[in-house]
């Protein structure tokens with residue numbers, strides 16, 4: 001998907017995102033923020049969107065959020081200001097394919113429902129690996145394509161609508177598993193109806 005299509009799609013979705021996609025993806029958001037809060041440290045949230053996850057990070061966590069969409073970021077900044085979210089260090093407009101951070105900067109990188117949206121997800125995963133500290137973890141929450149069955153058929157049929165939907169319905173998990181230095185340590189299914197996947201990848205030292 002081209003970056004212009006992503007930008008236009010999320011410009012359309014920004015006003016209603018929280019009550020539509022945001023509601024459907026709540027389980028993964030809670031799983032990721034709880035994982036970070038239990039351990040503490042600095043987390044980069046790639047594709048922070050409207051900031052739905054930001055209030056869920058607890059004490060001992062410092063959050064940096066990035067997003068390509070100015071419309072989404074405007075809503076996230078408003079949320080931070082209105083809710084007084086002291087755990088949020090910074091929100092920046094940025095292309096996830098070229099993260100403007102030094103190597104080994106973060107304890108965690110969370111990418112929730114973003115990898116099937118961005119162009120060149122393999123390149124994004126390489127950047128995620130680069131900015132993670134040794135022993136740090138990439139926390140992935142995403143919908144991945146079913147290999148077979150009715151769901152797989154529906155996903156393949158919806159694939160030509162990706163520019164309208166704003167995400168790849170037939171996105172294979174293999175596209176996030178090949179980044180050098182990242183090893184899968186955990187995988188689980190998430191609601192609704194096990195359509196979402198929780199994935200933890202650890203940076204080897």
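In this structure, does residue 184 turn out to be modelled with pLDDT of 90 or more, over 18 Å from residue 120 (Cα atoms), touching a strand residue (DSSP E or B) at 6+ places or on another chain (Cβ under 6 Å) and surrounded by fewer than 17 Cβ atoms within 10 Å (Cβ to Cβ)? So residue 184 passes the test. Checked against the criterion of being modelled with pLDDT under 95, within 14 Å of the chain's Cα centre (by Cα) and more than 19 Å from residue 32 (Cα to Cα), the candidates 114, 118 yield just one match: 118. For the range 76-93, the set of residues classified as surrounded by fewer than 20 Cβ atoms within 10 Å (Cβ to Cβ) and either within 25 Å of residue 176 (Cα to Cα) or out of contact with any strand residue (DSSP E or B) (no Cβ under 7 Å at 6 or more places or on another chain) (or both) consists of 78, 79, 81, 82, 83, 84, 85, 86, 92, 93, listed by residue number. Restricting attention to the range 50-71 and to residues that are surrounded by 22 or more Cβ atoms within 10 Å (Cβ to Cβ) and in contact (Cβ under 8 Å) with a residue 40 or more places away in the chain, the residue that is nearest to residue 133 (Cα to Cα) turns out to be 53. Annotation: of all residues in the range 187-196 being over 18 Å from residue 121 (Cβ atoms) and in contact with a helix residue (DSSP H, G or I) (Cβ under 7 Å, 6 or more places away or on another chain), the one that is surrounded by the most Cβ atoms within 10 Å (Cβ to Cβ) is 190. When we screen 121, 102 for residues that are buried (at least 21 other Cβ atoms within 10 Å of the Cβ), in contact with a helix residue (DSSP H, G or I) (Cβ under 8 Å, 6 or more places away or on another chain) and within 21 Å of residue 182 (Cα to Cα), the only hit is 121.
The values are calculated or read from the model by the stated rules, or taken from the named source; none is laboratory data. It should be emphasised that the depicted structure is a prediction, and the values quoted were computed from it without experimental measurement. Here the Cβ is made from the backbone with ideal geometry for all residues, glycine too, and neighbour counts use every protein chain on show.
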